[in-house]
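S.K.: Here's a structure for you.
The values are calculated or read from the model by the stated rules, or taken from the named source; none is laboratory data. Keep in mind the model is a prediction, meaning the values are calculated, not measured. Every residue, glycine as well, gets a Cβ built from its backbone with ideal geometry; the counts of neighbours run over all protein chains shown. For the accessible areas, the whole protein counts, side chains as well, though only heavy atoms, and no ligand, DNA or RNA atoms are used. Shrake-Rupley method; radii C 1.70, N 1.55, O 1.52, S 1.80 Å.
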Amino acid sequence: MAALSQPARVVVRAAEPGEGPAIAALWRELWDAHETWGGYLGSRDPRVYAQLAHRLDEDARVRAGHPVLGRHVHLIADLGGRPCGQVEGWFERHGIDVATPFTCEVRSLVVGERVRGLGAGRALLDGLAAVAGRMAQGAPCVMAAEVLEPDPAHAFYARVGYAPVSWNARIDAEAGCALPGGSLVARVAQPQDALAIARLEATLAARRRAMGDLRFDRPRAIDATTVGAIAAHLASAARPLRAEGIASLRDPASLVVVDSSANVRGVASFTIHALEPPFVPLRRALIGRFGLDPAFAARPLLLPLLVLGCKLARAQAAARVELTDLSPPESDLNQAVLSTGATAWSRVVTKLV
């Protein structure tokens, strides 16, 4: 009797030189899917993916069979000797508290459409978690992935033990600029705002912990050292604005909203950066880290921050603004964001390993 053939087994490993074109094709498949779900556009230019394939091959040569290079991890799923999926990870620790777990951000997870359902996605995540665990040297590590709201991968992440801890929305910068700012005023933070910002960031830290988001520091005591560090950062960030004007803003900046007595009642971060190939190049603006005075409803504090952030984004040619690090959809903050015309964009799901 002839022996029954056994199905090929998925093997997770580092990429090898010469596999760049196959991996670049997976990236193309991923960006095409993201576009379908309303994500940022990927390039249609074959030359872009040829250049990506070359970079991937050079990267594999440098790694010499090891998945880790600095803080970056790259793994592929091998089925029958050919790449059928891939994932990246970015390993870091957010904050300064040594008790805060490390974070491994899951990026660019994709499995070829023709081989889905064979366990390659789970195998890639398990392999990435194993590498991150070794990098953490026995300390806890949070695996974190951002998933677009229309992405059907939500069910997959839930099955493998990931849970949502943070939500993101998106708004057109032009529409955000036209919103009524209300009676409160938003501006770029100044060094003298440091104490108020420290207090508001403690409320942010408490909100994150209440949602089970372990990626960031726990609320900590506010002391002169903490306030001094915030003031120094704000002074440094303000220098280019004084020298070149608001359109020169590049590094993450803090925005505050103040009441009629000049008391700081809310804080948020603003940052902008460029997306590069294989994305279609564009500027991406983000407003996040919302720390809002709990004595106020969220909407009156949010609106001026959002309007200012959208004006900053438009000044630097960013057509859309993402509002990140939001609380759950039923919360006051999330509802305030959606009431502005922003739409649900993505969520962050995590798993502690």
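S.K.: Quick check: the angle from helix 46-63's long axis to the longest principal axis of the chain, C-alpha only, nearest 10 degrees?
M.R.: 80 degrees
S.K.: Continuing with this model, one more query. Calculate the FRET efficiency for Ala274 and Glu149 from the Cβ-Cβ distance with a Förster distance of 22 Å, rounded to the nearest 0.05.
M.R.: 0.40
S.K.: Then there's this: Stretch Ala178-Gln137 to full length: gain in nm at 0.36 nm per residue minus the Cα-Cα span?
M.R.: 9.8 nm
S.K.: How far apart, in nanometres, would the label points at Arg187 and Arg209 be if each is projected 7 angstrom from Cα along the Cα-to-Cβ direction?
M.R.: With each label placed 7 Å out from Cα toward Cβ, I get 3.3 nm.
S.K.: Mind putting a number on the dipole of region 3-144 about its Cα centre? Charges go on the C-beta only, +1 for Lys and Arg and -1 for Asp and Glu, and I need it in Debye to the nearest 20.
M.R.: 240 debye
S.K.: About the Cα centre, and with charges only on the beta carbon of Lys, Arg (+1) and Asp, Glu (-1), how big is the dipole of region 113-214? Nearest 20 debye, please.
M.R.: Approximately 380 debye in magnitude.
S.K.: Ok, one more. According to the square roots a ≥ b ≥ c of the eigenvalues of the Cα gyration tensor, what is the shape class of region 156-304, taking rounded for a/c under 1.5, prolate for a/b larger than b/c otherwise, and oblate for the remainder?
M.R.: rounded
S.K.: Another question about this same structure. Mind checking the dipole of region 92-137: about its Cα centre, +1 per Lys or Arg Cβ, -1 per Asp or Glu Cβ, Debye to the nearest 20?
M.R.: My answer is approximately 220 debye.
S.K.: Next question, about the same structure. Rounded, prolate or oblate: which one fits region 275-353, using the alpha carbon gyration tensor with axes a ≥ b ≥ c (rounded when a/c is under 1.5, else prolate when a/b beats b/c, else oblate)?
M.R.: oblate
S.K.: What spacing in nm lies between the two simple spin-label points modelled at Ile96 and Ala163, each 7 Å away from Cα in the Cβ direction?
M.R.: 3.1 nm
S.K.: Between Ala297 and Asp126, what FRET efficiency follows from the Cβ-Cβ distance if R0 is 30 Å, with the result rounded to 0.05?
M.R.: 0.10
S.K.: Which Cα, out of Ala229, Ala318, Val267, lies furthest along the positive dipole direction of the chain (beta carbon charges, K/R +1, D/E -1)?
M.R.: In the chain, that residue is Ala229.
S.K.: A further question follows. If one takes the longest principal axis of the Cα atoms in the chain, at what angle in degrees, from 0 to 90 and to the nearest 10, does the Cα axis of helix 194-210 lie?
M.R.: 40 degrees
S.K.: When a/c reaches 1.5 or more, the comparison of a/b and b/c decides; with that in mind, is the chain rounded, prolate or oblate per its Cα gyration tensor?
M.R.: The shape class here is prolate.
S.K.: Could you work out [θ]222 nm for the chain from helices alone, using -39500 (n - 2.57) per DSSP H run of at least four and dividing by all its residues? Round to the nearest 500 deg cm²/dmol.
M.R.: It lands at -11500 deg cm²/dmol.
S.K.: Percent of accessible area on the chain owned by carbon and sulfur, 1.4 Å probe?
M.R.: 56 percent
S.K.: OK, next. Taking every DSSP beta bridge with both residues inside region 206-353, roughly what % is antiparallel (nearest 5)?
M.R.: Percent antiparallel among DSSP bridges in region 206-353 is about 85.
S.K.: May I pose another question? Which one of Leu124, Ser346, Gly65 has its Cα pushed farthest toward the positive end of the charge dipole of the chain, where Lys and Arg give +1 and Asp and Glu give -1 at the Cβ?
M.R.: Comparing the listed Cα positions along the dipole, Gly65 ranks first.
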